1. Tell me which of these residue 222 doesn't satisfy, since it passes every other one: (1) surrounded by 17 or more Cβ atoms within 10 Å (Cβ to Cβ); (2) among the charged types (D, E, K, R); (3) out of contact with any Asp or Glu (no Cβ under 7 Å at 6 or more places or on another chain).
2. So which of 240, 231, 310, 249 ends up being of a type in the set (A, V, I, L, M), surrounded by 18 or more Cβ atoms within 10 Å (Cβ to Cβ), at pLDDT 90 or above and within 30 Å of residue 388 (Cα to Cα)?
3. How about the stretch 423-450: which of its residues are at pLDDT 65 or above and buried (at least 20 other Cβ atoms within 10 Å of the Cβ)?
4. Can you confirm whether the stretch 328-337 contains a residue that is touching a Cys at 6+ places or on another chain (Cβ under 7 Å) and hydrophobic (A, V, I, L, M, F, W, C)?
5. Taking the criterion of being in contact (Cβ under 8 Å) with a residue 24 or more places away in the chain, surrounded by 24 or more Cβ atoms within 10 Å (Cβ to Cβ), more than 21 Å from residue 98 (Cα to Cα) and among the hydrophobic types (A, V, I, L, M, F, W, C), would at least one residue in the stretch 197-214 satisfy it?
6. Which numbered condition in (1) loosely packed, with under 15 Cβ neighbours inside 10 Å; (2) over 31 Å from the mean Cα position of the chain (by Cα) is the only one that residue 75 fails?
7. Can you name every residue in the stretch 285-298 that is touching a residue at least 12 places away in the same chain (Cβ under 8 Å) and either surrounded by fewer than 24 Cβ atoms within 10 Å (Cβ to Cβ) or part of a loop (DSSP other than H, G, I, E, B) (or both)?
Amino acid sequence: MADLQRSRETIDRIDAELARLFEARMEAAAEIAAYKQSKGLPIRDPVREAAVLAQSGARITNPALRPHYAALLEAVMACSRDYQAELLQPDSRARINVRSPEGSYPVILQRGALANAGSLLDLKRRVFLVTDEGVPGEYSRVLAAQCGLARCYTVPQGEASKSLPVLEAVLTAMLDFGMRRSDCVLAVGGGMVGDLAGLAAALYMRGIDWYNCPSTSLSMVDSSIGGKTAVNLGAVKNPVGAFHAPRAVLIDPELLQSLPRRQLVGGLAEAVKMGLTHDAALFERFENPAGYGDIEPILAASLRVKRAVVEADPREGGLRRALNFGHTLGHGIEAASGGGLLHGECVALGMLPLCAPAVRGRLRAVLERLGLPSDLKGLQIEPERVLAAVLHDKKTLADGSLCVVTVPEIGRFELRRLCFDELRAMTLRLFEGEAAADGAASLTAPFDGREKEYL
């Protein structure tokens, strides 16, 4: 045990030194970025990067470690490129680069981006646009006019379109359009459209390019980053899917002007979630009545949280489960409501019981200020239907308990195990209008390390 402790202390000292060296390296990268900008040079220098990697082996005496050091250098250089790209933006919020196993892709946050998509995305090819009946048709027409050759495919609005039959129809239409491996899919709409179009792109010819242009606040802050694509199977949400990162994400805040207020604030529930679990300053924006008048800083802060999480856990093996905060119970409420509540409203309700009492009080105040629900009193939803839907959730463990995310304090999360009786008590508390009662979050036990059971 003493040897283990000494080894851990050695690693801690080395990590501290690595952090200092990393900051110094990024300072040098910033100077290089400024020089490249002044000379009109591109950020990426493949010849220089190849030379650095070629020299890397000579620095490591242990041959078994050389490929690992090369992988580390590649990751550091990718981080350096992304940092330089962000520094060269006139507004640092305008471009957020996301690293994924399939490569790096940008999230472009820019007013008027829709009208400039042709200069921001590679659309000079066959482009299969997927949208739904609830999205203003003008969005697709503006994008199609900037494509080499475009076909717009419109699916019915609503969660029912996230299904295998609709997915098959989309794939068939892509085939009829003559789509090739070099062509791309462009999703224009909310999370349902992005999930459906992204999965179609992942499956067609074993994977082709796709772009995501989210048009709702929910899809902008939540599903736009991460490459998770899926359709529903029967009553189960998202069990059929694939990880397939987009080539780029185009976020135009001006598209939110067409949203009804209920949908706008429903999507902001996901931004509240990001603040609760990771960013206290973001949550505090919602506590200030003037803090969410400007939507762009909220979008940018939420996207940076989502980026940090998905980069650390691209395949949802650990840290990424923090983004499920509020979703375990929220998905059950959503299924039981039969469409009577929006996804964001259900997530808002699902967060309440899993916050520490002091946090829960602050969250309730924010939800009420936004106009989001804070209990289920008076709604025609049966508690047993909520519980049944939750137990079908893919986060259920082998023994029937659940791994849930809790928030003990603003900006920090913990994983807990929840048994059925505790889940039932929390659900009933929401129906009784007592989600803010003390003690609800303390019912859960610390997660005991069986992460592999968590699917």
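1. Of everything listed in (1) surrounded by 17 or more Cβ atoms within 10 Å (Cβ to Cβ); (2) among the charged types (D, E, K, R); (3) out of contact with any Asp or Glu (no Cβ under 7 Å at 6 or more places or on another chain), residue 222 misses just condition (3).
2. Every option except 231 fails the conditions.
3. 423, 426, 427, 430
4. yes
5. yes
6. (2)
7. 285, 286, 287, 289, 292, 295, 296, 297
Residue-wise test of (1) within 28 Å of residue 171 (Cβ to Cβ); (2) in contact with a strand residue (DSSP E or B) (Cβ under 6 Å, 6 or more places away or on another chain).
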residue: 198; (1), (2): yes, yes
residue: 211; (1), (2): yes, yes
residue: 222; (1), (2): yes, no
residue: 229; (1), (2): yes, yes
residue: 262; (1), (2): no, no
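The values are calculated or read from the model by the stated rules, or taken from the named source; none is laboratory data. Here the structure is a predicted model, which means the values were calculated and not measured. Reconstructed Cβ throughout: ideal geometry from the backbone, glycine too, with neighbour counts over all protein chains shown.
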